[in-house]
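Read-outs throughout are calculated quantities, based only on the coordinates presented, and are distinct from any laboratory measurement. Fair warning: this is a prediction, and the values are worked out from it, not measured in the lab. Here the Cβ positions follow ideal geometry from the backbone for every residue, glycine too, while neighbour counts run over all protein chains shown.
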Amino acid sequence: MFAISLGEGAELRPIEPWQAPEFLAHVERAREYAGPWVPLTVLAKDLESARKLLQTYADKQAADTGRLWGIWLDGTLVGGVLFRIFDTAMESCELGVWLEPSAAGRGLITRASRVLIDWAVDERGMHRVEWLASTANGPSIAVAKRLGMTKDGVLRECFPWQGVRHDMEVWSVLAPEWRKAREAREAAGAGGSTDRDPAR
């Protein structure tokens with residue numbers, strides 16, 4: 001199985017249905033921290049539901065409508081990134097992320113998101129990459145800003161979750177904007193992703 005280095009002992013790899021026990025153990029560590037924002041960290045309650053969720057994304061990958069990868073830190077699964085929506089006809093996709101608290105504050109989500117956006121834009125011809133976050137989820141909004149996304153607007157009370165109707169901020173980056181920003185990072189020595197094929 002391939003792994004893309006994210007630096008500092010972290011790797012980006014696919015998560016597949018056979019890894020349900022490892023995924024469930026991770027979700028149990030992440031549930032309290034990510035649960036208010038990320039449904040999959042609540043919906044995977046046992047081995048059967050964890051395997052079913054992973055199978056859903058395996059089916060999406062087979063249909064080219066979504067994908068799921070994990071972030072491992074020093075050999076332990078600590079988070080993930082996914083394309084919840086991947087629409088090649090519209091050349092648009094939606095990126096989602098989560099972490100368990102032990103891995104927060106290391107820049108892992110930002111680095112993993114850059115790998116995925118590079119691949120979506122360069123390899124798959126995506127023109128628009130979206131990021132949705134509750135207005136109350138400051139860390140997620142901060143990542144969207146670090147990725148150079150633009151706030152398109154707010155969908156008022158559009159997401160009912162755990163007894164609360166969340167206002168959702170819609171952020172996005174367009175392919176020409178992404179390439180220009182990446183060139184600026186590389187020129188400044190920040191570097192870009194060296195492997196832009198997380199689907200192989």
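Details
- Region 51-121: C-alpha gyration tensor shape, a/c 1.5 cut-off, then a/b vs b/c: oblate
- Relative contact order of the chain, defined on C-alpha pairs under 8 angstrom at six or more residues apart (%): 17 percent
- With viscosity 0.890 mPa s and temperature 25 °C, the Kirkwood radius over alpha carbon pairs of the chain converts through Stokes-Einstein to a diffusion coefficient of 144 µm²/s.
- Normalised contact order of region 23-97, rounded percent, pairs of Cα under 8 Å and 6 or more residues apart: 20 percent
- For the chain: lysine pairs under 24 Å (alpha-carbon distance), excluding those fewer than 8 apart on one chain: 4
- Ordering 162-173, 97-108 by mean Cβ neighbour count within 10 Å, with the highest value first, yields 97-108, 162-173.
- Of the residues GLU157, GLU11, GLU94, the one that moves most in a GNM of the chain with alpha-carbon contacts below 10 Å is GLU157.
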